[in-house]
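Every read-out reported here was derived from the displayed coordinates using simple, explicitly stated rules and does not represent laboratory data. Not measured: the values here are computed from a predicted model. Counting neighbours? That spans all protein chains shown, and the Cβs are built from the backbone with ideal geometry, glycine included.
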Amino acid sequence: MTRSKGYAGNILRVNLSDGNVDKMPTQVYADLFLGGRGIAAKIYWDEVSPSINAFDPENRLIFVTGPVAGVPGFGGSRWQVCGKSPIHDCFSYCNLGGFWGAELKFAGYDGLVVYGKANKPSYLWIDDDRVEIREATHLVGKGAIYCREKLKEELGKSFRVVAVGAAGDNMVSFASLVADNDATGSSGLGAVMGSKNLKAIAVRGSRRTVEVAHPERVRKLKERLRLEMGDRPTVIMPWLVNPDKAKKDVCQGCIGGCIRVTYEGRGGIKGKFMCQSSIFYQVRAQRYYGELNEVPFEATKLCDDYGVDTYAIETMIMWLSRCYQARLLTEEQAGIPLSKIGSKEFIETLIRRVSHREGFGDVLANGTHKAAETLGSKAQELITDYMTRTGYTSIYGARLYTTTGLFYAMEPRLPIQQLHEVHILIIASLLAGMGAQGFDSSKFIRDVAKKFWGSEIAADFSTYEGKALAAAKIQDRQYAKECLILCDLLWPIFYSRLSEDHVGDPTLESQVYAAVTGRDISEQGLYGIGERVFNLQRAILAREGHKGREHDCLEEFNFTVPLKGDFGNPDCIVPGKDGELFSRKGMVVERDKFERMKDEYYQIRGWDVPTGFQKRDKLEDLNLGEVAEKLASEGLLA
Ligand code: SF4
């Protein structure tokens, strides 16, 4: 076992119950599972029993970086957190940006495994080799942002902090993790941290660089990337009241130029304002006040400080509004001003009551599905046309892009990286086609589909043909990316400024990995690691009750409710036959074709077609023989 470059070399383990701290060598996991999601999934497989619930002290919170973290120029300093999520008591994950992940690596660790439960409110203090569990009674019930800043004040600004807010303390099922630069992580893992009596993790590292195997290759690749992408302007969201108050806010070592900005609102309050979290209250606030206003920004800050997932809150508000209109819930019962949805008063009251589990907030704190169950069948009916089983809306879903139905069917949470691979290619290409003379976006999309998704027909959204292969290829690439961990807003690079046909080079990720670690690997070799990790996750989920084909399904609304629009693609425009554009508005998923797509997909995966269960020979081919043994002993193999 030779230690590869790029890695810090160790994974830190902390038992909060007895205070024991030790380390294990990263390389034990890195050869087969690379980093990020891969290493986290393997630790989870080895250590988390399928029979425990998310709040059992034996659940793990696994924080992992990748080999590229801390190496500037590639957008590779993101970090993953995995563990059993309280949303469905099964394995889940989240991915965060900012600086905390790279700081952990600078402290000498590729990952951190936290388990057990502290006997009083605590925070974890990591300063290189010195690791202490310290008392955090003074932080209980306080906001995540408050805690982060308070600890920085006490320990020094050079510490990076990930914390939970009141929602995490009170184990709200969709509580989030909040780190420096307001980087947030979902899947309810903030509640798991709260269940361990752990308020925050502060880390500081003295090693400010990462040793790479081939510095000259790394330098050339950075230069190549810069030329491939050109100067990427920071994208300012059009719904900012004062765009001049938005500033680019890049993650550690990133070349930037994405939508990540910090906004300064009224009263000088600053915070991250991008993606879904900047939009979740936008339309309602604008409708309520009749003009563009700062309440959506303030709502985002509130969610971050209380430590709740803005996406779960958005879908909850939709349901609350319907319940109120249908007279199934009154303002008095809820203790929330339901007639004032869109106002600051409404969002403040909702988030406070949920985070502190006050009154009806206690019901809502278990998630919209469980709250609807509590209110009865009429209230349950009000979510059936839009909400997925994980409590979100179905963005970039199967009614729009067909391929994405397979992602939704198989993942324990919103599979955003996989969805982005389809959506970003389509939307960015269509927009580029509108703006640039001589750029044939339809041809470009088909050329990309041929190179990245296995066939041109994968980019024809009027048919189910080619989608099973495309889905498997996308999953393998995205899982490899989540191991590395490269940022979703930069990778894969579909558009090249250097090649004649402008189609990007899919070997770039494997080149970056090889240059950093010294382990030469082909593009296919890297996808092979992605496939291994995806299969390992499938095995974990099987042990936690996922029954193959029977559970690889979509919510009924996908087959019965015509598509009205989609976040990010309101007119539902997609390429069809020969690249001809058409709208999928009004369309549904065709059940028989979806099932046939699953047959084809299972065949490509080497799984059993009738049941969707994994097979021993396939798992052995993927170097997962020990996983096959375990599944066989539990009757979970085909
Ligand atoms: S592209 Fe944006 S979100 Fe991604 S790592 Fe860079 S700054 Fe962070």
**Request:** Give me the number: length gained by fully extending D501 to V588, i.e. 0.36 nm times residue separation minus the C-alpha to C-alpha distance, one decimal in nm.
**Result:** 27.9 nm
**Request:** Using a Förster distance of 60 angstrom, determine the FRET efficiency expected from the C-beta separation of E358 and F439, and round it to 0.05.
**Result:** 0.65
**Asked** Toward the positive end of the charge dipole of region 243-381, about the Cα centre and with charges on Cβ (Lys, Arg +1; Asp, Glu -1), which of A379, S278, S339 goes farthest?
**Response** S278
**Item:** Estimated [θ] at 222 nm from DSSP helical runs (n ≥ 4, -39500 (n - 2.57)) normalised by residues in the chain, nearest 500
**Value:** -12000 deg cm²/dmol
**Cα-projected label distance for R224 with K547, points at 7 Å along beta-carbon direction, nm** = 4.9
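Only Lys, Arg, Asp and Glu count, each charged at its Cβ (+1, +1, -1, -1), so figure out the dipole size of region 144-220 about its Cα centre, rounded to 20 debye.
The calculation lands at about 380 debye.
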**Item:** Percent of C-alpha pairs per 5 Å bin, region 1-44, short to long
**Value:** 5, 21, 28, 21, 14, 7, 3
**Request:** Could I have the simple spin-label model distance between S462 and Q286, label points 7 Å from Cα toward Cβ, reported in nm to one decimal?
**Result:** 3.3
**Asked** Rule-of-thumb check for region 10-204: C-alpha Rg over 2.2 N^0.38 Å?
**Response** 0.91
**region 243-381, relative contact order in percent, only Cα pairs under 8 angstrom and at least six apart counted** = 16
**Fill in**
Among K105/K272; K105/K248; K473/K564; K5/K467, the pairs whose Cα-Cα distance exceeds 26 Å are K473/K564; K5/K467
**Computed magnitude of the charge dipole of region 217-262 (debye, nearest 20; Cβ of K, R +1, Cβ of D, E -1)** = 320
**Quarter of Cα convex hull surface for region 433-474, i.e. mean projection, nm²** = 3.1
**Request:** For region 525-638, compute Rh as the Kirkwood radius over C-alpha pairs and then the Stokes-Einstein diffusion coefficient at 37 °C and 0.692 mPa s; write the answer in µm²/s, rounded to an integer.
**Result:** 201
**Message:** Could you tell me which residue out of F55, F106, Q27 lies farthest along the dipole of region 20-135 toward its positive end? Charges go on the beta carbon: Lys and Arg +1, Asp and Glu -1, centred on the Cα centre.
**Reply:** F55
**Item:** Coordinate range along principal axes, alpha carbons of region 243-381, Å, largest first
**Value:** 50, 32, 25
**Item:** Percentage relative contact order, region 20-111, counting C-alpha pairs under 8 Å, at least six apart
**Value:** 25
**Item:** Calculated SAXS-style log₁₀ I(q)/I(0) at q = 0.23, 0.26, 0.32 Å⁻¹ - region 249-290, Debye, Cα scatterers
**Value:** -0.89, -0.98, -1.06
**Request:** Report the calculated FRET efficiency for V140 and E47 (r = Cβ-Cβ distance, R0 = 41 Å), to the nearest 0.05.
**Result:** 0.90
**Asked** Taking the Cα centre of region 10-204 as the origin, how large is its charge dipole in debye, to the nearest 20, when only Lys and Arg (+1) and Asp and Glu (-1) carry charge on their Cβ atoms?
**Response** 260
**Request:** Evaluate the Debye formula for the chain with equal point scatterers sitting on the alpha carbons, no solvent, and hand back log10 of I(q)/I(0) at q = 0.09, 0.10, 0.12 Å⁻¹, in q order, two decimals.
**Result:** -0.71, -0.91, -1.40
**Item:** Estimated translational D of region 150-244 in µm²/s (Stokes, Kirkwood radius over Cα pairs; 10 °C; 1.306 mPa s)
**Value:** 93
